[in-house]
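First up is the structure itself, then whatever we jot down about it.
The values are calculated or read from the model by the stated rules, or taken from the named source; none is laboratory data. Just so it is clear, the structure is predicted and the values come from calculations on it, not from any experiment. Note: ideal-geometry Cβ built from the backbone for every residue, glycine included; neighbour counts use all protein chains shown.
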């Protein structure tokens with residue numbers, strides 16, 4: 001099989017397409033013939049060596065994929081060969097023609113969802129779900145601000161919050177991105193490149209502020225986020241690319257909470273519940289991954305450059 005391999009940490013150019021032996025499942029494992037691979041910002045952090053947890057070299061990048069079950073190991077009961085699935089983590093890496101996974105990492109892919117869309121489910125939607133429901137404990141009727149709502153996690157957050165009965169306000173930096181966020185169910189969309197965009201929240205919330213903020217770029221926005229929260233408001237930090245200075249008094253006056261999160265901290269039981277909910281949403285149509293661009297697997301270096309550029313719009317996927 002062909003696979004992207006990383007022999008040293010560094011820039012996108014360290015990823016090389018190589019020929020590797022075909023994979024075979026062990027007990028409790030599933031081998032998936034990969035039809036599409038999801039590209040996530042975390043993949044770039046790991047590849048660069050900047051991530052806290054580093055894989056042993058050489059390694060195949062990627063955690064998200066979709067495809068067809070090719071073989072199952074002893075004791076596997078939930079899947080048979082030929083089943084359409086999406087992958088939420090792997091044992092072998094996702095940037096490849098095959099992926100070897102634990103049975104618990106594989107989930108059914110409804111017929112109405114394409115393989116490219118299936119590859120866009122795991123990290124974006126599971127992250128959004130955990131941030132919204134496990135960390136913020138958001139409730140129907142509350143107002144949610146999704147900062148950077150046109151990217152993979154942002155779109156997932158908008159769809160999940162709207163389906164759960166929340167008032168959803170999204171932000172994006174381009175007309176194209178703002179139109180996308182509105183199409184995905186946001187009640188209001190703001191231009192986060194405008195100097196005074198947060199001042200609009202007072203009118204949109206009748207002066208009380210927002211209950212929950214899902215924050216994709218905390219190093220830029222966190223200090224300002226604290227000034228627009230309602231009493232008992234919560235900010236969930238999903239992404240940050242540096243340090244930030246805040247005024248603690250802005251938390252005190254609102255009894256506000258700043259909550260960090262990473263999907264990697266979710267327990268097996270939590271992940272099982274998250275994916276049960278995501279599969280149901282894919283089946284009933286409330287969750288609809290948006291694909292921006294499909295690139296050949298060999299263009300993984302270009303995909304890593306694109307996924308870090310501003311102006312997010314849906315997901316980038318690789319096609320083996």
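Report whether or not residue 149 is touching a helix residue (DSSP H, G or I) at 6+ places or on another chain (Cβ under 8 Å), touching a residue at least 12 places away in the same chain (Cβ under 8 Å) and part of a loop (DSSP other than H, G, I, E, B). Criteria met by residue 149. Got a number for residues in segment 272-305 being closer than 21 Å to residue 39 by Cβ and touching a residue at least 40 places away in the same chain (Cβ under 8 Å)? Selection size over segment 272-305: 18. Cβ-Cβ contacts under 8 Å between residues 6 or more apart (or on different chains), taken from a first residue in segment 170-191 that is farther than 22 Å from residue 202 by Cα to a second residue that is assigned to a helix (DSSP H, G or I), are listed as 180/155; 184/155; 184/158; 184/159; 184/162. As a summary of the residue check, residue 128 satisfies the conditions (1) within 20 Å of residue 262 (Cβ to Cβ); (2) over 13 Å from the mean Cα position of the chain (by Cα); (3) buried (at least 22 other Cβ atoms within 10 Å of the Cβ) except for the one numbered (2).
For segment 199-241, give me the residue count where each residue is touching a helix residue (DSSP H, G or I) at 6+ places or on another chain (Cβ under 6 Å) and modelled with pLDDT under 95. Number satisfying all stated conditions: 2. Taken across segment 251-261, residues that are crowded, with 16+ Cβ neighbours inside 10 Å and within 15 Å of residue 89 (Cα to Cα) do not occur at all. Total residues in segment 27-50 satisfying the condition of being surrounded by 14 or more Cβ atoms within 10 Å (Cβ to Cβ) and over 20 Å from the mean Cα position of the chain (by Cα): the figure is 6. The single condition among (1) farther than 15 Å from residue 63 by Cα; (2) surrounded by 22 or more Cβ atoms within 10 Å (Cβ to Cβ) that residue 119 does not meet is (1). Screening segment 214-320 for strands (runs of 3 or more DSSP E) wholly inside it with 1 or more residues that are within 30 Å of residue 99 (Cβ to Cβ) and assigned by TED's automatic domain parsing to the domain that holds residue 95 returns the ranges 291-296, 315-319. Scanning segment 68-83 turns up no residue that is in contact with a strand residue (DSSP E or B) (Cβ under 7 Å, 6 or more places away or on another chain), surrounded by fewer than 24 Cβ atoms within 10 Å (Cβ to Cβ) and closer than 27 Å to residue 240 by Cα. Residues in segment 214-225 that are free of Cβ contacts under 8 Å to residues at least 60 places away in the same chain and touching a strand residue (DSSP E or B) at 6+ places or on another chain (Cβ under 8 Å): 218, 222.
Mind checking which residues of segment 194-213 are outside any helix (DSSP H, G or I), under 27 Å from the mean Cα position of the chain (by Cα) and either in contact (Cβ under 8 Å) with a residue 24 or more places away in the chain or exposed (fewer than 12 other Cβ atoms within 10 Å of the Cβ) (or both)? Hits for segment 194-213 are 209, 210, 211, 212, 213. If you go through segment 155-164 one residue at a time, do you hit one that is more than 19 Å from the chain's Cα centre (by Cα), at pLDDT 95 or above and surrounded by fewer than 18 Cβ atoms within 10 Å (Cβ to Cβ)? The answer is no; no qualifying residue exists.
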